[in-house]
1. Of the residues Gly43, Gly79, only one is surrounded by fewer than 23 Cβ atoms within 10 Å (Cβ to Cβ), in contact with a Lys or Arg (Cβ under 6 Å, 6 or more places away or on another chain) and in contact (Cβ under 8 Å) with a residue 60 or more places away in the chain; which?
2. Among the candidates Leu384, Leu375, Leu311, single out the residue that is on the phi < 0 side of the Ramachandran plot, open to solvent by 30 Å² or more (accessible area, probe 1.4 Å), hydrophobic (A, V, I, L, M, F, W, C) and out of contact with any Asp or Glu (no Cβ under 8 Å at 6 or more places or on another chain).
3. For Val84, all conditions in the list (1) surrounded by fewer than 23 Cβ atoms within 10 Å (Cβ to Cβ); (2) more than 16 Å from the ligand (Cβ to nearest atom); (3) farther than 30 Å from Phe212 by Cα hold save one; what is the number of the exception?
4. Given the residues Phe303, Phe278, which is the only one that is open to solvent by less than 10 Å² (accessible area, probe 1.4 Å) and either in a loop (DSSP other than H, G, I, E, B) or in contact with a helix residue (DSSP H, G or I) (Cβ under 8 Å, 6 or more places away or on another chain) (or both)?
5. Do you know which residues across the stretch 397-415 are closer than 22 Å to Asp252 by Cα and assigned to a helix (DSSP H, G or I)?
6. Name the residue, out of Ile422, Ile434, Ile358, that is within 22 Å of the chain's Cα centre (by Cα), modelled with pLDDT of 95 or more, part of a helix (DSSP H, G or I) and within 16 Å of the ligand (Cβ to nearest atom).
7. Go through the stretch 13-46 and report how many residues are more than 10 Å from the ligand (Cβ to nearest atom) and in a loop (DSSP other than H, G, I, E, B).
8. If I go through the stretch 234-257 residue by residue, how many of them are in contact (Cβ under 8 Å) with a residue 24 or more places away in the chain, surrounded by fewer than 22 Cβ atoms within 10 Å (Cβ to Cβ) and not in a loop (DSSP other than H, G, I, E, B)?
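The values are calculated or read from the model by the stated rules, or taken from the named source; none is laboratory data. Please read all numbers here as calculations on a predicted model, not as lab measurements. Here the Cβ is made from the backbone with ideal geometry for all residues, glycine too, and neighbour counts use every protein chain on show. The accessibility values were calculated without ligands, DNA or RNA, using every heavy atom of the protein model including side chains. Shrake-Rupley method; radii C 1.70, N 1.55, O 1.52, S 1.80 Å.
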Amino acid sequence: MSSSAPRARGHWGSRLGFILAASGSAVGLGNIWKFPYITGEYGGGAFVLVYLGCVLLVGLPLMYAELIIGRRGGKDVLGAIRSVVARDEGFGGDLAALTGALAVASGFLILSFYSVVAGWAIHFLWVSLDLIPLSTDGAGATFAALAGDARLSALWHTVFMFLTMAVVVRGVHEGIERVCSRLMPALIGILILLLVYVAFSGGLAQSVSFLFRPDFSKLSGEAVLEALGHAFFTLSLGMGAMITYGSYLREDSFVLRDGVAVAILDTVIALLAGLVIFAVVFDRGAEPAAGPGLVFVTLPDLFATMPGGQLFGVAFFFLLIFAAWTSAISLLEVVVAYFIDEHGLSRTRATWLFGGAIWLLGLASAIWGPVLDFLDNLTTRFMLPIGGILIAIAAGYFMKRGDREAGFAGRPVLAMIWTVLIRFVSPVLVFAVILSKMGILRIA
Ligand code: TRP
């Protein structure tokens, strides 16, 4: 079909292909590494409930906003916003320029450190395969040695960036969609196998009650803010990833339904990953509130003593790598699409040139741990939330009503609810998160 009707820009081959690519973007280190450890730190069930509320109130409206801007605009993040804000001159144009610049910069910075963390997962896959021995002092020492070894971290980071560029360079349909259509089912399959394992090995009942029985006495204001910030990050919102992916949708696609499908898949996969991880943790009497080291320290130690633990570990790290890979692809695609659409570069050039630049920047995070932490905080606490507010404003106030509500065909009530959420609720809540992260606003 594409050969008989060549198009200047790529398009998704099928609706399922789009859903798998977009949920591949959403499901990432955020779901399998971060969600379980912050849930552990904030005490379980009550945090999960608040997080689900945030996905509904802020995540879904913004997801729809990004997809509809992308589909209507039919260009990269900057071009798409510019073409949907009705008044091109004046504030609308400035808003587009600002949001576009922030989005591309976010993609650049996030991918640079994301790739280093994904590289650690490759290292641990090698450890699970026994190709690299686990330190005799346990995974804590293995992890500390890895994070402290600039050359080793840089090596895995290089491998991971190469894998990411190799997919993006092949284009939307042939590269991104094809790879995500294989990796996402594999990821779900692995997750189900792990779930079956823990169903038999024990710990699952405790894990279920930890995740689903809310104890509101454990809920703090800080937990609420963390939940909101995470809802945002895990759905890949705030930097135009969904605008860019939405721009490859066809006019007749059903953005509302597809956006909901992506959010549901993302949430279900985070919950299943949490169930698996906490089942192992409880079964072995380990600590659920282990923090960022949960998957790189606590789990590998447990795998080492579990029956069938080696196989479990191999499967787990494949899961983590697949999840990170499909997310990294979307981060790079935002940057690449921008240089293709706005500066006329070929896809090949844009990918190797800017993928290479991101690789170079990532070396800083591989070498100096504090750089990684700094970039993580800068992007997830400030750049993404600010980007999210700007996108909400562009969609809620500057887009023509007909364009903005095009995805709600025949559902005026839903359209009205969305308009209220995107104009008032999302920007205010997200703004509150930014203020609190700056220490200006304190919630009990
Ligand atoms: N959603 C991914 C995760 O949960 C991270 C991610 C990928 C992302 N692309 C993004 C976050 C774009 C923000 C914006 O790990």
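1. On the way: Gly79 fails: in contact with a Lys or Arg (Cβ under 6 Å, 6 or more places away or on another chain).
Selected residue: Gly43, the only one of Gly43, Gly79 that is surrounded by fewer than 23 Cβ atoms within 10 Å (Cβ to Cβ), in contact with a Lys or Arg (Cβ under 6 Å, 6 or more places away or on another chain) and in contact (Cβ under 8 Å) with a residue 60 or more places away in the chain.
2. The unique qualifying residue is Leu311.
3. The one condition Val84 does not meet is (1).
4. On the way: Phe303 fails: open to solvent by less than 10 Å² (accessible area, probe 1.4 Å).
Being open to solvent by less than 10 Å² (accessible area, probe 1.4 Å) and either in a loop (DSSP other than H, G, I, E, B) or in contact with a helix residue (DSSP H, G or I) (Cβ under 8 Å, 6 or more places away or on another chain) (or both) holds for just one of Phe303, Phe278, which is Phe278.
5. Scanning the stretch 397-415 gives Arg401, Gly402, Asp403, Arg404, Ala406, Gly407, Phe408, Pro412, Val413, Leu414, Ala415.
6. Result: Ile358 is the single residue among Ile422, Ile434, Ile358 that is within 22 Å of the chain's Cα centre (by Cα), modelled with pLDDT of 95 or more, part of a helix (DSSP H, G or I) and within 16 Å of the ligand (Cβ to nearest atom).
7. Of the residues in the stretch 13-46, 5 are more than 10 Å from the ligand (Cβ to nearest atom) and in a loop (DSSP other than H, G, I, E, B).
8. Within the stretch 234-257, residues that are in contact (Cβ under 8 Å) with a residue 24 or more places away in the chain, surrounded by fewer than 22 Cβ atoms within 10 Å (Cβ to Cβ) and not in a loop (DSSP other than H, G, I, E, B) number 1.
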